[in-house]
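The numbers here are math on the coordinates, done by the rules we state, and not lab data. Bear in mind the structure is a predicted one, so any value in this text is a computation, not a measurement. Ideal geometry is used to build each Cβ from the backbone, glycine not excepted, and the neighbour counts take in all protein chains shown.
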Amino acid sequence: QPFDLNHAYEQAENKGKECLAQMLEKYRARLKLDLELIQEMINLDNYKNKKFKSI
């Protein structure tokens with residue numbers, strides 16, 4: 001059967017969209033975790049500052 005360039009292009013485009021969607025999903029999840037970690041660090045720093053100010 002002959003090679004259909006349009007079909008091959010469509011398959012490659014769909015695969016690219018799938019990969020990009022997965023990458024963006026992982027990036028968003030990582031970004032959310034980083035923000036949670038930063039907030040935890042801020043809270044810990046605030047706790048330490050309050051604790052040492054009272055001494």
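With +1 assigned to the C-beta of every Lys and Arg and -1 to the C-beta of every Asp and Glu, and no other charges, what is the dipole magnitude of the chain about the Cα centre in debye, to the nearest 20?
Working: 10 positive and 9 negative charges, 144 e Å.
For this selection, approximately 700 debye.
Could you give each residue of the stretch 37-42 its phi-based ³J(HN,Hα) in whole Hz, using Karplus coefficients 6.51, -1.76, 1.60 with θ = phi - 60°, and x for Gly or Pro?
For the stretch 37-42, the Karplus-derived couplings read 5, 4, 5, 5, 5, 5 Hz, x marking Gly and Pro.
Tabulate in residue order the Karplus-calculated ³J(HN,Hα) for the stretch 15-21, using 6.51 cos²θ - 1.76 cosθ + 1.60 with θ = phi - 60°, rounded to whole Hz; enter x for Gly and Pro.
Taking θ as phi minus 60°, the curve returns 5, x, 5, 4, 5, 5, 4 Hz for the stretch 15-21.
I'd like the chymotrypsin sites (Phe, Trp or Tyr not before Pro) in the chain restricted to DSSP loop residues with at most 10 other Cβ atoms within 10 Å, sorted by number.
Working: sites: 3, 9, 27, 47, 52; in loops: 3.
Answer in residue order: 3.
By a straight-distance test (C-alpha under 18 Å), which aspartates and glutamates pair with residue 50 as possible cross-link partners, with residues fewer than eight away in the same chain excluded?
The qualifying aspartates and glutamates are 40.
For the chain, what Kirkwood radius comes out of the mean inverse Cα-Cα distance, in Å? Intermediate results must be reported in sequence, preceding the final value.
Details: mean 1/r = 0.0657 Å⁻¹.
Result for the chain stands at 15.2 Å.
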